[in-house]
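K.L.:
Sharing a structure with you now.
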Amino acid sequence: MADIFDQFSLADRSFVVTGASSGIGRAMAGFLAQAGARVVLVARRENVLAEAVAGIGQQRASYVGADLSDRETLPEIASRCKSKVPSGVVDGVVNAAGINLREAFDDVSIDSWDATLNLNVAAPFFFTREFVPEMRDQGYGRVINITSLQSVRAFPNGMSYGASKGGLSQLTRAMAEAWSRYGICCNAIAPGFFPTELAAPVFGDEEYRNWAAEQTAIGRNGELEDLAGATIFLASPASAYITGQTLFIDGGFTAR
């Protein structure tokens with residue numbers, strides 16, 4: 001029998017990570033690379049992407065500067081990602097790109113609603129689908145969607161964001177139902193409060209930051225390193241019989 005720890009190796013695997021210029025996406029790209037994967041980082045800000053790639057190392061990482069909100073360009077963006085990996089075949093996709101406009105419900109416009117649902121729900125589906133034929137042909141694939149506490153909890157000024165993340169959790173189940181029979185496991189990670197650009201309004205407010213920590217069972221907010229184990233596990237062969245699930249990495253916030 002092979003060493004059980006070989007099940008967690010990502011050697012010779014290739015992953016695309018969206019929203020990888022900062023925060024959770026950037027951290028997850030680094031974790032995947034440390035486990036042996038080749039990673040392609042995707043985001044709009046090319047200068048920041050270049051810094052992220054330099055931090056990981058060009059032997060393991062490359063980037064594609066792109067705006068995922070333009071659905072018409074997603075096939076071309078996916079093609080560029082495939083060209084960045086030696087085999088031309090991407091083994092997994094991490095959908096971490098997203099926006100949270102934090103609008104009061106009276107301020108939500110049709111345009112802001114559409115922008116949020118487009119990037120947070122539509123883009124993960126249409127972009128990931130571009131990689132499915134090759135994953136299906138090889139009988140192996142991993143999809144990790146990044147949802148949120150707001151997929152199950154309501155927060156002030158989170159009308160469109162909460163709806164989008166709840167939709168992404170359901171999309172994860174639908175992806176699993178459609179693709180898992182081909183060896184493509186589709187799961188989601190729902191982070192609690194982590195110090196990222198997206199969560200800057202929370203961490204910039206000491207009272208709110210302390211409140212968030214007090215809601216957890218552990219008694220603190222998350223650190224990006226807390227995502228490493230789940231990232232590697234859900235990307236690896238070790239998760240072969242887990243699909244359609246959402247793992248809350250929230251310090252027990254949703255347990256209380």
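Values in this text are rule-based calculations from the coordinates and carry no lab data. Nothing here was measured: the structure is a model prediction, and the numbers come from that model. Backbone-built Cβ (ideal geometry, glycine too); neighbour counts: all protein chains shown.
K.L.:
With the convex hull built on the Cα atoms of the chain, state its orientation-averaged projected area in nm².
P.N.:
13.9 nm²
K.L.:
Which value, in debye to the nearest 20, describes the size of the charge dipole of the chain about its Cα centre when Lys and Arg Cβ atoms bear +1, Asp and Glu Cβ atoms bear -1, and nothing else is charged? Kindly include the intermediate steps, with their values, before the conclusion.
P.N.:
Details: 21 positive and 28 negative charges, 129 e Å.
Dipole of the chain, to the nearest 20 debye: 620 debye.
K.L.:
When the chain is modelled as a GNM with alpha-carbon springs shorter than 10 Å, which of V42, V202, V16 fluctuates the most?
P.N.:
V202
K.L.:
Can I ask one more? Put a dot 7 Å past each Cα toward the Cβ at W211 and E225; how far apart are the dots in nm?
P.N.:
According to this spin-label approximation, the distance is 3.0 nm.
K.L.:
For the chain, give the share of DSSP beta bridges that are antiparallel, in percent and rounded to the nearest 5; count only bridges with both residues there. Show your work: numbers first, answer last.
P.N.:
Values: 0 of 28 bridges.
Bridges in the chain that DSSP calls antiparallel: roughly 0 percent.
K.L.:
Using Cα centres only, tell me the gap between segment 1-57 and segment 138-201 in whole Å.
P.N.:
Here the answer is 18 Å between Cα centres.
K.L.:
Express the relative contact order of segment 138-256 as a whole percentage, based on alpha carbon pairs under 8 Å and six or more residues apart in sequence.
P.N.:
RCO, segment 138-256: 33 percent.
K.L.:
Taking the chain as a Gaussian network, Cα atoms linked when under 10 Å apart, which of G219, G162, G92 shows the biggest mean-square fluctuation?
P.N.:
G219
K.L.:
For the pair Q245/E177, report the inter-label distance in nm, with labels modelled 7 Å from Cα in the Cβ direction.
P.N.:
Computed distance between label sites Q245 and E177 equals 2.0 nm.
K.L.:
Return the ratio Rg/(2.2 N^0.38 Å) for segment 77-126, where Rg is computed over Cα atoms only.
P.N.:
So the Cα radius of gyration is 1.58 times the expected 2.2 N^0.38 Å.
K.L.:
About the Cα centre of segment 88-151, what is the dipole size in debye to 20, counting +1 per Lys and Arg Cβ and -1 per Asp and Glu Cβ, all else neutral?
P.N.:
Roughly 300 debye, rounded to the nearest 20.
K.L.:
Calculate the FRET efficiency for D67 and D3 from the Cβ-Cβ distance with a Förster distance of 35 Å, rounded to the nearest 0.05.
P.N.:
Calculated transfer efficiency: 0.25.
K.L.:
Just need the Rg to Rh number for segment 205-247, please, alpha carbons only, Kirkwood Rh.
P.N.:
Reported Rg/Rh (Cα atoms, Kirkwood Rh): 1.16.
K.L.:
I've got another one for you. With r as the distance between the Cβ atoms of S79 and N47 and R0 = 30 Å, compute the FRET efficiency 1/(1 + (r/R0)^6) and round to 0.05. Walk me through the numbers before you get to the answer.
P.N.:
Working: r = 23 Å, r/R0 = 0.77.
My answer for the efficiency is 0.85.
K.L.:
Oh, and also: In whole angstrom, how long is each semi-axis of the equivalent ellipsoid of segment 113-185, when you take the square root of 5 times every eigenvalue of its Cα gyration tensor and sort them from largest down?
P.N.:
After scaling each eigenvalue by five and taking roots: 27, 12, 7 Å.
K.L.:
When all C-alpha to C-alpha distances in segment 1-153 are sorted into bins of 10 Å, what percent of pairs does each bin hold, rounded to whole numbers?
P.N.:
11, 40, 33, 13, 3, 0, 0
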